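Written below as C-alpha cells is the structure these notes are about.
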Amino acid sequence: MARKRLIVGNWKMYVESPEEAHAFALALRRRVRGFKGLEVWLAPPHPLLPDVSHVLESSPVRVGAQTVSAHSDGAHTGEVSAKTLKKVGALFTLIGHSERRIAGDTNELVRAQLERALEAGLVPIFCIGERERETDGEHFELLEAQLTSALSTIPKNTLKKLVVAYEPVWAIGKHAADAMQPSELQEMVIFIRKILADMLDRAAALRVPILYGGAVEPQNAASLITEGGVGGLLVGHSSAELDQFLEIIKATQN
Ligand code: PGA
C-alpha cells in the first residue's frame, strides 16, 4: 500500500502565545476530520508543545519539536532533551533545519541530535538543503555531505522511521513564485534517493519519505507533490495561518 502523504507544519516563532496556539489546535482538530489520504504533523515552539499535543491527542494530527538537544541529559542550560520532548507529547523532531544550521548547528552536532532523537524514539525529520544554486552543480556535493555526515555512521536498522526534508535555503520564507519548480525538484528527489540507496539498501531507501520545504503555499502545494515527486511537504509561514494550512492540506489530499 502506498504511504500516505505527509504534511508537516513548522511554526517557527510565528505563533507566539499559548492562547493563540490553543485556539489554533482546537480549530485544526475540528477541521481536519474530513481530510483523507494524508498525515498532518505540527511543530510548535517547545513551551507550546505540551498543550498543543494535549488538544490534538485524539485527532489525526501528530505533534513534534523544531529541534532537539545533542545531549541526552545533564548540565546543558537552555537545552531540551529528546527524552523530555517525548514525555511532553512529541512524536517527531526536525533536525538540521537550515535556520538551526545558520545559528551554529554543524554537521557533527546534527548527527548527535539525530542519535539522541532515535534513542528516545522520536521520528527524525532530517533537513538538508543548499544555500545557493551553483551552476557547476556544487549543491549536489553539499547535499551528499549533509546526508552522509549524519547518516553513514548510524546503524541502518535504527533508520526505519527516518524522514528527509529537502529545503533549498534560497526558497525558504519566500512566496510560491520563488519556490523550486516541480521539474527541478524531481531531479533532486532522484539524487537524494540515490545517496540514500548507497547508504541504506535500495528497498529501505525507497521507504524513506522525502519532503519538500521552501515557499510552500496553497497554490503550489499540489504540484510540488504530484509533479515534483515528493512524499509530502514541510510548510513554514503558511502553517501558522490556519486557513492557508488547511488549504494546503485540502489541496494535497489523495
Ligand atoms: P517557509 O519555510 O514555508 O516559510 O518557506 C519552510 C521551512 O523553513 O521549513
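The values are calculated or read from the model by the stated rules, or taken from the named source; none is laboratory data. Note that the coordinates shown come from a computational prediction; the quantities given were computed from them, not determined experimentally. Methodologically, a virtual Cβ is constructed for each residue, glycine included, from the backbone with ideal geometry; neighbour enumeration extends over all protein chains shown. These area figures cover heavy atoms from the full protein model, side chains too; ligands, DNA and RNA do not enter into them. Shrake-Rupley method; radii C 1.70, N 1.55, O 1.52, S 1.80 Å.
A few points about this structure:
- Out of ALA176, ALA150, sole residue that is closer than 23 Å to ALA43 by Cβ, open to solvent by less than 30 Å² (accessible area, probe 1.4 Å), in contact with a helix residue (DSSP H, G or I) (Cβ under 9 Å, 6 or more places away or on another chain) and within 16 Å of the ligand (Cβ to nearest atom): ALA176
- The residue that is surrounded by the most Cβ atoms within 10 Å (Cβ to Cβ), counting only those in the range 226-237 that are free of Cβ contacts under 8 Å to residues at least 60 places away in the same chain and small (Gly, Ala, Ser), is GLY228.
- ALA82 being over 17 Å from the mean Cα position of the chain (by Cα), open to solvent by less than 60 Å² (accessible area, probe 1.4 Å) and in contact (Cβ under 8 Å) with a residue 40 or more places away in the chain: no
- Sole residue being assigned to a loop (DSSP other than H, G, I, E, B), in contact (Cβ under 8 Å) with a residue 24 or more places away in the chain and either more than 16 Å from the ligand (Cβ to nearest atom) or over 21 Å from TRP41 (Cβ atoms) (or both), chosen from ARG111, ARG133, ARG116: ARG133
Okay, residues lined up against (1) under 27 Å from ALA23 (Cα atoms); (2) modelled with pLDDT of 95 or more; (3) among the polar types (S, T, N, Q):
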site	(1), (2), (3)
GLY37	yes, no, no
SER58	yes, no, yes
ALA82	yes, yes, no
ARG100	no, yes, no
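- Index of the failed condition, ILE249 passing every other in (1) in contact (Cβ under 8 Å) with a residue 60 or more places away in the chain; (2) in contact with a Gly (Cβ under 8 Å, 6 or more places away or on another chain): (2)
- Screening GLU57 on (1) under 23 Å from SER238 (Cβ atoms); (2) open to solvent by 80 Å² or more (accessible area, probe 1.4 Å); (3) not β-branched (Val, Ile, Thr) shows it passes everything except condition (1).
- Filtering the range 196-225 to residues that are touching a helix residue (DSSP H, G or I) at 6+ places or on another chain (Cβ under 7 Å), in a helix (DSSP H, G or I) and surrounded by 22 or more Cβ atoms within 10 Å (Cβ to Cβ) leaves LEU196, ASN220, ALA221, LEU224.
Residue-wise test of (1) more than 16 Å from the ligand (Cβ to nearest atom); (2) assigned to a loop (DSSP other than H, G, I, E, B); (3) open to solvent by less than 70 Å² (accessible area, probe 1.4 Å).
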site: GLY78; (1), (2), (3): yes, yes, no
site: ARG100; (1), (2), (3): no, no, no
site: GLY104; (1), (2), (3): yes, yes, yes
site: ALA145; (1), (2), (3): yes, no, yes
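- Members of the range 21-46 found to be of a type in the set (Gly, Ala, Ser), under 25 Å from THR67 (Cβ atoms) and touching a Ser or Thr at 6+ places or on another chain (Cβ under 9 Å), listed by number: ALA25, ALA43
- For the range 85-98, the candidate set comprises residues that are of a type outside the set (Gly, Ala, Ser) and within 16 Å of the ligand (Cβ to nearest atom); within that set, the residue that is surrounded by the fewest Cβ atoms within 10 Å (Cβ to Cβ) is PHE92.
- Taken over the range 29-49, residues that are within 18 Å of ASN10 (Cβ to Cβ) and not in a strand (DSSP E or B) amount to 7.
- Subset tally (residues that are basic (Lys, Arg) and free of Cβ contacts under 8 Å to residues at least 40 places away in the same chain) for the range 1-48: 3
- Count - residues of the range 119-130 that are more than 16 Å from PHE191 (Cα to Cα), in contact with a Leu (Cβ under 7 Å, 6 or more places away or on another chain) and not in a strand (DSSP E or B): 1
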